[in-house]
Structures are given as C-alpha cells and as structure tokens.
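Okay, handing you the structure first.
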Amino acid sequence: MHYNLLLVISLLFVIFMLVMLGQKFKISSPIFLVMAGLFISFMPKIPQIEIDPELIFLIFLPPLLYEAAWYTSWNDFWKWKRPIGLLAFGLVIFTSTIVAYASQAMIPGFTLALGFLLGGIISPPDAVAASSVLKGIKVPKRVLTILEGESLINDASSLIVFRFALAALVTGQFSLQQAIGTFFWVAGMGIVVGLIIAHIAYVVHRFLPTTPSIDAALTLLTPYFMYIIAEQFHFSGVMAVVSGGLFLSYRSHEILTHGSTRLQTIGVWATLAFVLNGLVFILIGLELPMIIKGLEGYSILDAVKYAVVISILTIVVRILWIYPATFIPRFLFKSIRENEPNPGLKNPFIIGWAGMRGVISLASALSIPLLLNSGQPFPHRNLILFITFIVILVTLVFQGLTLPFIVKWLGIKEIDHVAPEEEQEAGIKLRIKKAALNQLNEKYSSEIKSNELLSFLKHEIESDISLTHQRLNSMECQVCQKKEIEQYNQVLKELYSTQRKELYSIRKEYAFSDEEIRKQEMQLDFDEAKITWNGHS
C-alpha cells in the first residue's frame, strides 16, 4: 500500500517536471509524456508498472469524457452532427473492417474475428491528444469542433465493436443481425441512462441548498454515477457520460449560478484533468517493456513489421474516408451546398491527419482475457497488445509532432463566417455591462444620488463600457492604437503584482489578521483572472 502510494506520488512529480520541460521545447504534453515514459521504462532498476484496464475504464475514463463533454458547445456539436457521426460511427466501422481483412491476410493464423477485435481496439482517436496538440494552433473552428465531437463518441462505437468481437472469440458464437440490433440498443440506452442521471443532478444543483464545495464535489461524482449505472445494466457507459455531460454543460448557467461556485468547480476540474491526463500518457510509455516481454513465439522483426503496416493502414484509411464523407453529402444535398461553405481540400486533410490514438486503445487491448471459455490461451493476445502500442506510438508521436507544421504549411484559414474571438468577447461584455447599467438606472436612480458607493459603481460600469467600446474600435484601428490596449493590460498585471507584494509585506508586520489578508489576496486573484481568462495575458 505504502509502496503504491509512493509510486503514484513519484509519478506525479515526474509528470510535473516533464510537462514543464515539454513546454520549454514547445512539445504537446501527451506526446512528450509518452516519449519520456518510453525512455524511462528502459532505464535500469525502474520498477515495472502494470496497468489494470478496469482502473482505466472506471477511474480515468468517466471524468476525462465528462470534462471533454462539459467544454463542448452543444450548438456547435449539433450543427456539425453529420460529419461527427460519419467519423465517430462510419469511420470506426470502416477502419475496423479494413484492419480485420488486412491483418487476416498478413498475419499467419490471424482469423477475421481477431482482425475485428484489433480493428475495434485501434479505430478510435484520442480526445485529449488531438485537442492538446491543436491547442495554440490556429485552425478553423469547424475543424476543432468536428475533431472534439468525434472523439467524444467514437470511444463508444469502438468499444461496442471490440466487445462484440471479443464475445465471438470467447464464446465461439456471432450473429451480425443480432450484433447490429444490440449496437443501437446499447448506445441508445446508454444515452437514456446518462440523461436520467443528468436530470437528477440538475435538480440537486438547482433546487437543493448546496454550497460551492458541494456543487464542485457533485460534478466529480456525476460522471461516475452515469458510467457505473449504465455499465451495470450492460449499456454504454461512454454514451451515458457524454450525453449527460453535454446536457449539464448546456444547462450550466442554471445550476452553477454563483461566481464562487463556477470558479471553484473550474479549478477542481482543471487540476483533476491535468493529473489524470498526465498519468495516462506516461503510463502508456512505461508499458512497452512488459509488452515486449510477453511477445513470446514471435520474432521482434515480424511483430514490428505487422505493427508498422497496420499503423500506416490506419492513417491512410482515415484520410481516404474523410474526403468522400465530406464531399458526397455536399454533392447529394443542395441544402448543404447552400448553408455550409466549401471546406476545400486542406481542412478535411487536417481532420484526417489528426487521428492520434491513445488510452482507450491501450486499455481495450489490456482487457483481453488470458484464456478462452474452453480454457485455451487467447490466440495472439500479446501480438495484439504490441501492435496496439506501436499504432499509438506512431500516430501520437509522428502525426502529433508533424500536425502543427502541416497546419502552418497548408496555410489553413477560417472558412465559416465567424467573428474573431476578441470581437465576440467585447460584444458580449458590452451587452451585459449595458444591461447592468440599465438595471441600476431604472431601479436605483434616486439611491445613486445619495449613496456614494452606488454612484461609484455606476461610474465603474460606465468606464467599463467606454473601455470596451475602445477595444471594439481598436480592432479596426491602426497597430499603434492596438498597442495601447496591450500596454494597458500589461500595466494592469504589473499593478496587481505590486499590490500582491505589498500584501505580503503587510503579512510580515502582524498588524492585520491572516483571514483579512487572505480575503484581499483572493480579490486580487479574481481581478487578475479577468484579464488572464479574457486572453490578454
């Protein structure tokens, strides 16, 4: 027990150091952590770490999927439901089929059922890897939305394919008609369970006397309830978490009504997601020695050959799928041509190239049982594990490292009529500040004249409106005027830093209570966060 705890703490410390080092070299965290884990795993006297697949599915998957769903816009998700569905369901089945027939033809003794098992394992791209690699890269909003939407639900479709193939291998029985019916039943009922739990959580948040701490804790428990209950009834836990997360995200303004609640919840989830993602990707890298050790009965050269061919196949299949899936619907339906700008050839290629595999693939492979129902060893289990690992490594490292350069080389530009983020931000701020000013003038006009605090508040709101108008105008003005806005934000940050230093000096004087000092410190944090979160840091 103490050894395991020490191991986890040591891993977390290593992750923190590696993430900072990765930022220094400007390498995406998932890629850098996998590469570092791979390097560490071959160092002498490094303990071998076994990943329990049930731990991945139960502990890691629900919160990571929920967090991804929470930050996904339902409006954007619904707008691009067609390409998302074609990738998350159509491409998963297409990839699984191609991999199944190719592996059967290439690997001696590999049956079609084993091929579908392997295809189900390696077909879903990883949600975290794609968003992490694309973070900081200017890609069209449509591309990002489609990739994030795909990665939310393709885990469900791939896991269902995987489980059907596994059941066929273990029991020796398979019916295509029954499998298709069960597929829709499992996915559909998963959605139903997720929405039921989400509505219960909504009622608790909305109508019971919760505190910010209770609300934050409840958001942590909710995805586990969704996943466990759905899986208990043999439905899709992934679809339950995703559907429930999307619903609660859409209703978040109704359930997290206070600023302190929202800030506390965001802080908790940001920390949890960082820790879980870090652990997942470094553990992937640390697994290789154990996988190679289990590769008995195969030459390493043959195993590498099979793995590299299948890795290339998964990359090519995705790119081959993306163009017909993009342009055939445009050719068939006039409404699509009228309502959606032509994506061209470059944008689909970026979606096709951003197919990095990750934790779901490895966890699925590790969950393959050692024995069949007959008591015989599961055929080619270790080879499947090895191929899965190489596919993850090739797609994550090779595609992940080259993606930023390809985006830059292609010169990807926004093709939809979307206002720039800064313009949207200023427009929203202007609307809400004007609403506050109107409320103040209509309801408290007489009190403003006699109450200096209310008068100051009105002046502050008017100043904010004036400054926001200047920001909107500066977006069309000369570069020198934009620099004035940037300088204003920089000076603001310096002033916050000066105030914080003075606060620390006050603490040393023992003239004021720590409680009051902490209150002022928190207020400074909130004020500084305004310019940081607004993208002016």
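The values are calculated or read from the model by the stated rules, or taken from the named source; none is laboratory data. Computed from a predicted structure; not experimentally measured. Virtual Cβ from ideal backbone geometry, glycine too; neighbours counted across all protein chains shown.
So for the stretch 337-346 (the condition being closer than 26 Å to residue 412 by Cα, among the basic types (Lys, Arg) and free of Cβ contacts under 8 Å to residues at least 24 places away in the same chain), does at least one residue qualify?
Narrowing the stretch 337-346 to residues closer than 26 Å to residue 412 by Cα: 337-346.
Subsequent filtering for residues that are among the basic types (Lys, Arg) retains 337, 346.
With the extra rule that they be free of Cβ contacts under 8 Å to residues at least 24 places away in the same chain, the set shrinks to 337.
Looking through the stretch 337-346, at least one residue is closer than 26 Å to residue 412 by Cα, among the basic types (Lys, Arg) and free of Cβ contacts under 8 Å to residues at least 24 places away in the same chain.
Give the residue that is modelled with the highest pLDDT, with candidates limited to residues of the stretch 171-187 that are out of contact with any helix residue (DSSP H, G or I) (no Cβ under 8 Å at 6 or more places or on another chain) and in a helix (DSSP H, G or I).
Top of the filtered list is 185.
Taking the stated definitions as given, is residue 447 part of a helix (DSSP H, G or I), more than 41 Å from the chain's Cα centre (by Cα) and free of Cβ contacts under 8 Å to residues at least 24 places away in the same chain? Break it down stepwise before answering.
Numbers: part of a helix (DSSP H, G or I): yes; more than 41 Å from the chain's Cα centre (by Cα): yes; free of Cβ contacts under 8 Å to residues at least 24 places away in the same chain: yes.
For residue 447, the condition - part of a helix (DSSP H, G or I), more than 41 Å from the chain's Cα centre (by Cα) and free of Cβ contacts under 8 Å to residues at least 24 places away in the same chain - is met.
Identify the residue in the stretch 505-522 that is assigned to a helix (DSSP H, G or I) and touching a helix residue (DSSP H, G or I) at 6+ places or on another chain (Cβ under 9 Å) and, among all such residues, is farthest from residue 267 (Cα to Cα). Walk me through it before giving the result.
Initial filter on the stretch 505-522 (assigned to a helix (DSSP H, G or I)): 505-509, 514-522.
Now narrow it down to the ones that are touching a helix residue (DSSP H, G or I) at 6+ places or on another chain (Cβ under 9 Å): 506-507, 514, 517, 520-521.
Values: 506: 27, 507: 26, 514: 23, 517: 21, 520: 19, 521: 17 Å.
Applying the filter and picking the extreme gives 506.
All but one of (1) surrounded by fewer than 11 Cβ atoms within 10 Å (Cβ to Cβ); (2) part of a helix (DSSP H, G or I) hold for residue 527, so report the exception by its number.
(1)
On the given criteria, is residue 270 small (Gly, Ala, Ser) and more than 19 Å from residue 53 (Cα to Cα)?
On the way: small (Gly, Ala, Ser): yes; more than 19 Å from residue 53 (Cα to Cα): yes.
Yes: the conditions hold for residue 270.
Separate question: Among (1) polar (S, T, N, Q); (2) surrounded by fewer than 24 Cβ atoms within 10 Å (Cβ to Cβ); (3) closer than 23 Å to residue 324 by Cα, which single condition is residue 123 missing?
So the condition that residue 123 fails would be (2).
Only one of these conditions is not met by residue 224: (1) at pLDDT 95 or above; (2) of a type outside the set (A, V, I, L, M); (3) over 30 Å from residue 163 (Cβ atoms). Which number is it?
Of (1) at pLDDT 95 or above; (2) of a type outside the set (A, V, I, L, M); (3) over 30 Å from residue 163 (Cβ atoms), only one is false for residue 224: (3).
Quick grid of which residues meet (1) over 18 Å from the mean Cα position of the chain (by Cα); (2) in contact (Cβ under 8 Å) with a residue 24 or more places away in the chain:
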| site | (1), (2) |
| --- | --- |
| 246 | no, yes |
| 250 | no, yes |
| 262 | yes, no |
| 265 | no, yes |
| 273 | no, yes |
| 276 | no, yes |
| 292 | yes, yes |
| 305 | yes, no |
| 310 | yes, yes |
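Is it true that some residue in the stretch 196-206 is among the charged types (D, E, K, R), under 30 Å from residue 397 (Cα atoms) and in contact (Cβ under 8 Å) with a residue 24 or more places away in the chain? So that I can check it myself, show each step before the final result.
The first filter runs over the stretch 196-206 and keeps only residues among the charged types (D, E, K, R), leaving 206.
From the residues that got through so far, the ones that are under 30 Å from residue 397 (Cα atoms) too are none.
There is no residue in the stretch 196-206 that is among the charged types (D, E, K, R), under 30 Å from residue 397 (Cα atoms) and in contact (Cβ under 8 Å) with a residue 24 or more places away in the chain.
Let me ask you something else. If we scan the stretch 28-35, do we find a residue that is over 22 Å from residue 355 (Cβ atoms) and among the aliphatic types (A, V, I, L, M)?
No: the stretch 28-35 contains no residue that is over 22 Å from residue 355 (Cβ atoms) and among the aliphatic types (A, V, I, L, M).
For the condition in the same structural domain as residue 163 (by TED's automatic domain parsing) and closer than 28 Å to residue 311 by Cβ, what is the one hit in 105, 69? Spell out the reasoning first.
Values: 69 fails: closer than 28 Å to residue 311 by Cβ.
Sole residue among the options that is in the same structural domain as residue 163 (by TED's automatic domain parsing) and closer than 28 Å to residue 311 by Cβ: 105.
Does any residue of the stretch 405-414 turn out to be touching a strand residue (DSSP E or B) at 6+ places or on another chain (Cβ under 8 Å), part of a loop (DSSP other than H, G, I, E, B) and either buried (at least 17 other Cβ atoms within 10 Å of the Cβ) or among the small types (Gly, Ala, Ser) (or both)? Give the derivation first.
Our first condition is that a residue be touching a strand residue (DSSP E or B) at 6+ places or on another chain (Cβ under 8 Å); within the stretch 405-414, this holds for none.
No, because not a single residue in the stretch 405-414 is touching a strand residue (DSSP E or B) at 6+ places or on another chain (Cβ under 8 Å), part of a loop (DSSP other than H, G, I, E, B) and either buried (at least 17 other Cβ atoms within 10 Å of the Cβ) or among the small types (Gly, Ala, Ser) (or both).
Looking at (1) in contact (Cβ under 8 Å) with a residue 12 or more places away in the chain; (2) under 19 Å from residue 128 (Cα atoms); (3) not hydroxyl-bearing (Ser, Thr, Tyr), can you tell me which one residue 398 breaks?
With respect to (1) in contact (Cβ under 8 Å) with a residue 12 or more places away in the chain; (2) under 19 Å from residue 128 (Cα atoms); (3) not hydroxyl-bearing (Ser, Thr, Tyr), residue 398 is out only on (1).
Please determine whether any residue of the stretch 402-424 is in the same structural domain as residue 133 (by TED's automatic domain parsing), touching a Ser or Thr at 6+ places or on another chain (Cβ under 7 Å) and more than 30 Å from residue 488 (Cβ to Cβ).
No, because not a single residue in the stretch 402-424 is in the same structural domain as residue 133 (by TED's automatic domain parsing), touching a Ser or Thr at 6+ places or on another chain (Cβ under 7 Å) and more than 30 Å from residue 488 (Cβ to Cβ).
For the stretch 384-437, what are the residues that are touching a Gly at 6+ places or on another chain (Cβ under 9 Å) and at pLDDT 90 or above?
385, 386, 392, 393, 395, 396, 399
Looking at the stretch 344-371 only, could you name the residues that are of a type outside the set (Gly, Ala, Ser), part of a loop (DSSP other than H, G, I, E, B) and over 21 Å from residue 295 (Cα atoms)?
Residues satisfying the conditions are 345, 356, 357.
Further question: Would it be correct to say that residue 298 is farther than 24 Å from residue 399 by Cβ and touching a residue at least 24 places away in the same chain (Cβ under 8 Å)?
yes
A further question follows. Answer yes or no: is there a residue in the stretch 228-239 that is surrounded by 16 or more Cβ atoms within 10 Å (Cβ to Cβ), aromatic (Phe, Trp, Tyr), outside any helix (DSSP H, G or I) and free of Cβ contacts under 8 Å to residues at least 60 places away in the same chain.
Looking through the stretch 228-239, at least one residue is surrounded by 16 or more Cβ atoms within 10 Å (Cβ to Cβ), aromatic (Phe, Trp, Tyr), outside any helix (DSSP H, G or I) and free of Cβ contacts under 8 Å to residues at least 60 places away in the same chain.
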